[in-house]
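The values are calculated or read from the model by the stated rules, or taken from the named source; none is laboratory data. Note that this is a predicted model, so its numbers are computed, not measured. We place every Cβ from the backbone using ideal geometry, glycine too, and count neighbours over all the protein chains shown.
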Amino acid sequence: MNRSKLILVTAFALLCAPFSVLSADGSYALINANLFDGVDDDITENATVFVKDGLIERIESGDVNVPKNYTIVDVEGNFLMPGMIDAHTHIDTVERAKRALDSGITTVRSASVSAFQDVALRELVRTGKLAGPEVVAAGVYVTPELGSGALADPRLAELYDGVNSDDDLRRLVNINADRGVDVIKARGTQRAGLPNTDPRQQSYTERQLRIIVEEAAKHDIPVLVHAHGDEGARAAVLAGARSIEHGTYMSTETLELMVEHGTWFVPTHVTIVDLVEERFHYVLRLRGRHMVPQLEKVMREAYELGVKFATGADNYYEEESINRISMEIQAFEKIGMSRFEALQAGTINSAELLRVDDRTGRIAVGFEADMIVVPGNPLEDLRALEDVLIVMSNGQLALKRIPFGVTD
């Protein structure tokens, strides 16, 4: 992104009121921690993690001398682990970003927003205006009908009647790239969350999806594809998509192709479960009752075949929703993963999908200080992830709920 574009994006982002953080200038020492580093299937007791300039400076265990210029954060014997990653969000406001961060999400991948708010949020985090979460931005959905998405950029007006021709697809990809996105989202099938659509119905053909993937590749931008139905998912895999989102009705053949092509699976199980809630249309509640066991069947087979998994909640993080990555990780355990594998899916593996695994997703020297504290050992009980006590994102102390006691 050139300098003028970055200035415009950041200026737009500053129109949002930034949420306050509990950060302070300087360095931190997180002491008395039971450490799960995201790499090893064990806990390091009585660990101290030193943070400086937003990065993990060093990790020590046992009795440690903390220099005076470090702010001490006493973990009190709770469990320190990498921040979780949500690889499928629709966060478009500062308030929603804060809800994600408070739930232990330190990195997100956008799965499209209406008007490049994700790009602006990314810049707020990069410039230190917000603690996080770090944003991998998708911009505007590449879908046959843009709807209000056509309002995101004046150049999209001519695509309002439809995005179907080869030139239309290339144009929308390039407008997204010009606006500075990190990833492109494309439609493989219709939505599950509307009563008048069928999520199995294919939207774009393999050839159309290949055009999207190849045009995005010119900018070194990967493509995620929304696909519940098998036909749309298979077309996306063959076209070169980096990940399939949802995948409810995928066949064994398509899953085997995913293994062959190295395609990632982001099942968003938690949002399909959500369809049965009373607040949804009766068609969606009935649909959800059918889709949940079907998706779980696909997830089990995908895991057995060796498909690569990442975690996504398909959440806007609005006030009324409690969809969280902690629940998605628990769903991964239910379909056969070990707790260690499920935790890695939500941290280090999702970082690999997002192409940020060289700097986040684990607690290691030189990596970004993206860490959370939970009250129980996650290797013994994943429900501990639902009660986040401390969040540090990019070295900023964004949430601190302990100690619970008070002193005179």
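Annotations
- Filter result for Gly139 (more than 17 Å from the chain's Cα centre (by Cα) and not in a helix (DSSP H, G or I)): no
- Apart from one condition, Glu231 fits all of (1) in a helix (DSSP H, G or I); (2) touching a strand residue (DSSP E or B) at 6+ places or on another chain (Cβ under 7 Å); (3) within 23 Å of Met327 (Cβ to Cβ); the exception is (3).
- Residue pairs whose Cβ atoms lie under 6 Å apart, sitting 6 or more positions apart in sequence or on different chains, and linking a residue in segment 117-128 that is outside the structural domain of Asn394 (by TED's automatic domain parsing) to a partner that is surrounded by fewer than 23 Cβ atoms within 10 Å (Cβ to Cβ) and among the acidic types (Asp, Glu), are Gln117/Asp92.
- The set of residues from segment 150-177 being under 22 Å from His219 (Cα atoms) and in contact (Cβ under 8 Å) with a residue 24 or more places away in the chain comprises Ala152, Asp153, Asn164, Asp166, Leu169, Arg170, Leu172, Val173, Asn174, Ile175, Asn176, Ala177.
- Among the conditions (1) buried (at least 24 other Cβ atoms within 10 Å of the Cβ); (2) over 16 Å from Thr268 (Cβ atoms), Glu352 misses just one, which is (1).
- When residues of segment 12-63 are limited to those that are at pLDDT below 95 and among the aliphatic types (A, V, I, L, M), the one farthest from the chain's Cα centre (by Cα): Ala24
- Residue match in segment 293-311 (condition: under 24 Å from Lys98 (Cα atoms) and not assigned by TED's automatic domain parsing to the domain that holds Leu382): yes
- Some residue of segment 360-378 being free of Cβ contacts under 8 Å to residues at least 12 places away in the same chain and either surrounded by 16 or more Cβ atoms within 10 Å (Cβ to Cβ) or in contact with a Phe, Trp or Tyr (Cβ under 9 Å, 6 or more places away or on another chain) (or both): no
- The listed residues are Ile221, Ile244, Ile212, Ile272, and the only one of them that is in contact (Cβ under 8 Å) with a residue 24 or more places away in the chain and assigned to a loop (DSSP other than H, G, I, E, B) turns out to be Ile221.
- Of the residues making up segment 42-75, those that are more than 15 Å from Phe367 (Cβ to Cβ) and assigned to a loop (DSSP other than H, G, I, E, B) number 11.
- Of all residues in segment 191-209, those satisfying the criterion of being surrounded by 19 or more Cβ atoms within 10 Å (Cβ to Cβ) and either without any contact (Cβ under 8 Å) to a residue 24 or more places away in the chain or small (Gly, Ala, Ser) (or both) are Ala192, Ser203.
- Unique residue being at pLDDT 95 or above, of a type in the set (A, V, I, L, M, F, W, C) and surrounded by fewer than 23 Cβ atoms within 10 Å (Cβ to Cβ) when the list is Leu146, Leu172, Leu224: Leu146
- Failed item, numbered, when Thr311 is tested on (1) within 15 Å of Thr106 (Cα to Cα); (2) part of a helix (DSSP H, G or I): (2)
- Taking the conditions (1) modelled with pLDDT of 95 or more; (2) over 30 Å from Val94 (Cβ atoms) in turn, Pro195 satisfies each one other than (1).
- When Thr407 is tested against (1) more than 30 Å from Met250 (Cβ to Cβ); (2) in the same structural domain as Glu60 (by TED's automatic domain parsing), only condition (2) is not met.
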